[in-house]
Amino acid sequence: MRKVTKINVLVVEDSLLFRETLAREIAKDASIEVVGTAKDVYEASEKIIELRPDVVTLDIELPKMDGIAFLKKLMPQYPVPVVVISSIGDKVFDALDAGAVDFVTKPETFRSGTLESFIREIITKIKIASTAKVGNFKKADKAGSTGSGFSSDIAKKIIAIGASTGGTEAIYNIIKTLPKNTPGILIVQHMPPVFTRLYAERLNNSCVLEVKEAEDGDVVVPGRVLVAPGEYHMRLESRSSGMYVTCKAGEKVSGHCPSVDVLFDSVAKVAKENAIGVILTGMGRDGADGLLEMRKQGAYTIGQDEASSVVYGMPMVANNIGAVSKQLPLDQIAEEICRRLSLDC
């Protein structure tokens, strides 16, 4: 009988109660072994070298040195997949920027239902993180140009982007490069409520494009990026005055709400050949079928390649079913979008 290889996990958390609870509960999963725990980053550093864990769970709020500062020191020297545990706030994006693979929101109480949901989520993300590539991600320094005015042709175009694990940084590195006269952009990034708004605000403060969390009825115009809100499906619609989005609660599609497939399917119907679809790093297959439908309707479709993907799942499935017109490394996707639209990036 073949021996099942377990995922070795190091738990880094300053609260003794939470540390012991987390270690005990995730170890109940047959595919996970907790090889150690640490109460601060100094103990964590020693145990990472000694135990060589496959995945580290890391609290952001730690004594002596916080988790973000630790990540900045750790990743260049010892790149290891890290799942951050944090209270609600935009610090999680600093952690992702520093090299963390994903994050989970820390429960405010130990009520059974809340704790069980948290444990299920972190076990899932530990498993995904164990397959992630870390340490080879380089940010582009190039900032988007302000560009010129909006042409009538650009106003008819639409760009739809979908991503999951590793997507926050991948999307950022595309969006920051695009000029002000880029067509309207719609984004689905698998992320819970509140964080989608924080993420949109973070993007808005770091690029020349206007970025906001989408609201039902928002108009799609050049220079604007709309991020689907957590737990709401975002769809593209059209009327005589132009294109707009709807944001409606609903059942999960392809395992997610918001779903990339839902967005891509709507873009295929409304924008057809006037659309560009981009599928980025992430586990699973959400977006693959929708991207195929976009391509069938004449859209130009781009998939992130394996080497630059943190998790080569969604773009792999899309490529395998023939949904991708062109597969590219992350640092070439913005340039390809600009080339396709004759924009000056």
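Points worth noting:
- Residue 31 falls short of the stated requirement of being more than 26 Å from residue 190 (Cα to Cα), at pLDDT 90 or above and either surrounded by fewer than 21 Cβ atoms within 10 Å (Cβ to Cβ) or out of contact with any strand residue (DSSP E or B) (no Cβ under 9 Å at 6 or more places or on another chain) (or both).
- 1 or more residues without any contact (Cβ under 8 Å) to a residue 40 or more places away in the chain and polar (S, T, N, Q): qualifying helices (runs of 4 or more DSSP H) within the stretch 284-345: 314-320, 330-341
- Here 93, 18 are screened, and the one residue that is out of contact with any His (no Cβ under 7 Å at 6 or more places or on another chain), closer than 20 Å to residue 202 by Cα, in the same structural domain as residue 125 (by TED's automatic domain parsing) and of a type in the set (Phe, Trp, Tyr) is 93.
- Restricted to the stretch 64-89, and to residues there that are in contact with a helix residue (DSSP H, G or I) (Cβ under 9 Å, 6 or more places away or on another chain), more than 24 Å from residue 133 (Cβ to Cβ) and not β-branched (Val, Ile, Thr), the residue that is surrounded by the fewest Cβ atoms within 10 Å (Cβ to Cβ) is 64.
- Which listed residue, of 56, 92, is buried (at least 23 other Cβ atoms within 10 Å of the Cβ), assigned to a helix (DSSP H, G or I) and out of contact with any helix residue (DSSP H, G or I) (no Cβ under 6 Å at 6 or more places or on another chain): 92
- Subset of the stretch 301-316 (residues that are in contact with a strand residue (DSSP E or B) (Cβ under 9 Å, 6 or more places away or on another chain) and not polar (S, T, N, Q)): 302, 303, 305, 306, 310, 311, 312, 313, 314, 315, 316
- Single residue of the stretch 232-247 satisfying the filter (more than 15 Å from residue 158 (Cβ to Cβ) and under 21 Å from the mean Cα position of the chain (by Cα)) that is surrounded by the most Cβ atoms within 10 Å (Cβ to Cβ): 233
- Note on the stretch 269-289: residues that are buried (at least 24 other Cβ atoms within 10 Å of the Cβ) and farther than 16 Å from residue 171 by Cβ amount to 3.
- For the stretch 20-48, filtering for residues that are touching a helix residue (DSSP H, G or I) at 6+ places or on another chain (Cβ under 8 Å), in a helix (DSSP H, G or I) and of a type in the set (Gly, Ala, Ser) leaves 2.
- The set of residues in the stretch 31-64 that are farther than 17 Å from residue 126 by Cβ and acidic (Asp, Glu) comprises 40, 43, 46, 50, 61.
- Residue that is farthest from the chain's Cα centre (by Cα) [pool: residues in the stretch 68-99 that are small (Gly, Ala, Ser) and within 22 Å of residue 115 (Cα to Cα)]: 87
- Those residues of the stretch 200-220 which are crowded, with 16+ Cβ neighbours inside 10 Å and of a type in the set (Val, Ile, Thr), in sequence order: 208, 211, 220
- Selection count where residues are surrounded by 22 or more Cβ atoms within 10 Å (Cβ to Cβ) and farther than 22 Å from residue 81 by Cβ, scope the stretch 293-318: 6
The values are calculated or read from the model by the stated rules, or taken from the named source; none is laboratory data. Just so you know, these numbers come straight off a predicted model, no measurement behind them. Ideal geometry is used to build each Cβ from the backbone, glycine not excepted, and the neighbour counts take in all protein chains shown.
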